[in-house]
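The values are calculated or read from the model by the stated rules, or taken from the named source; none is laboratory data. None of the values given here were measured: they were computed from a predicted structure. Don't worry about glycine lacking a Cβ; one is built from the backbone with ideal geometry, like all the others, and counts go over all protein chains shown. To get the accessible areas, we keep the full protein, side chains included, count just its heavy atoms, and leave off ligands, DNA and RNA. Shrake-Rupley method; radii C 1.70, N 1.55, O 1.52, S 1.80 Å.
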Amino acid sequence: DSGVTQTPKHLITATGQRVTLRCSPRSGDLSVYWYQQSLDQGLQFLIQYYNGEERAKGNILERFSAQQFPDLHSELNLSSLELGDSALYFCASSVEGGRTYEQYFGPGTRLTVT
Amino acid sequence: AQSVAQPEDQVNVAEGNPLTVKCTYSVSGNPYLFWYVQYPNRGLQFLLKYITGDNLVKGSYGFEAEFNKSQTSFHLKKPSALVSDSALYFCAVRDKEYTDKLIFGTGTRLQVFP
């Protein structure tokens, strides 16, 4: 158990809908990362927050947004969902935002868009 | 751009034999390299990292990795494979020297046969 929690574990929704994925980092970790894992794209970095502020952006669609709250939990919002958004979404956290620190991953949320 | 390559989609090895999972990298600046393992329906688990120092890095579950600057490689190794080591293994590199996001390889499926 990495100490990173994600809810829900599974999510099934229809095209055009909006969903929110939630992540709680390990106790004491300030940095949260979101990744998407799909068969065709592999593991792709989406976005990083550090202590409430956005730090880095990856291949995140404009339909997707995220935030980190004062208690350091983070939410990833996915809107106007398309079939291609079906994937496993991982949250990870690290002690700080530094490059030498490993990231610890949550169990993921499996999103299925029908 | 920083990148890692995992040239083998799958590696098969008999239990008790040594295993190697290959990874090569392409970076500008110092390489910060990581290995993760993913078991079915689980998140990624951190195994080990190379930041600086000894070229042989020891990690969790008896795994180690050898950093080779001249060959730009960071191969994962284990002296004696277990059936329970069967999983998906990812090599990753920090995006740039001063950002935190991880860039993952395509993954190598390790199958250990009894």
Legend entry - Residue under evaluation residue A:54, criteria (1) acidic (Asp, Glu); (2) away from chain B (no Cβ under 13 Å); (3) in a strand (DSSP E or B), criterion not met: (2)
Inset, instruction - Would you point out the residue of segment B:79-114, among those that are away from chain A (no Cβ under 14 Å), open to solvent by 20 Å² or more (accessible area, probe 1.4 Å) and part of a strand (DSSP E or B), that is farthest from residue B:4 (Cα to Cα)? - result: B:113
Legend entry - Scan of segment B:47-78 for residues that are part of a strand (DSSP E or B), open to solvent by less than 40 Å² (accessible area, probe 1.4 Å) and within 14 Å of chain A (Cβ to nearest Cβ), ordered by number: B:47, B:48, B:50, B:57, B:65
Legend entry - segment A:61-90, subset small (Gly, Ala, Ser) and in contact (Cβ under 8 Å) with a residue 60 or more places away in the chain, residue nearest to residue A:19 (Cα to Cα): A:79
Legend entry - Failed condition for residue A:111, given (1) in contact with a strand residue (DSSP E or B) (Cβ under 7 Å, 6 or more places away or on another chain); (2) within 14 Å of chain B (Cβ to nearest Cβ): (2)
Inset, instruction - Name the single residue, out of those in segment B:1-28 being open to solvent by 50 Å² or more (accessible area, probe 1.4 Å), at pLDDT below 95 and not in a strand (DSSP E or B), that is nearest to residue B:101 (Cα to Cα). - result: B:1
Legend entry - Unique match (being open to solvent by less than 50 Å² (accessible area, probe 1.4 Å), touching a residue at least 12 places away in the same chain (Cβ under 8 Å) and not in a loop (DSSP other than H, G, I, E, B)) among A:2, A:93: A:93
Legend entry - Every residue from segment A:22-50 that is surrounded by 14 or more Cβ atoms within 10 Å (Cβ to Cβ), polar (S, T, N, Q) and touching a residue at least 24 places away in the same chain (Cβ under 8 Å): A:24, A:31, A:36, A:37, A:38, A:48
Legend entry - Residue ID - nearest to residue B:36 (Cα to Cα), chosen from residues in segment A:9-51 that are at the interface with another protein chain (Cβ under 9 Å from one of its Cβ atoms) and among the hydroxyl-bearing types (Ser, Thr, Tyr): A:35
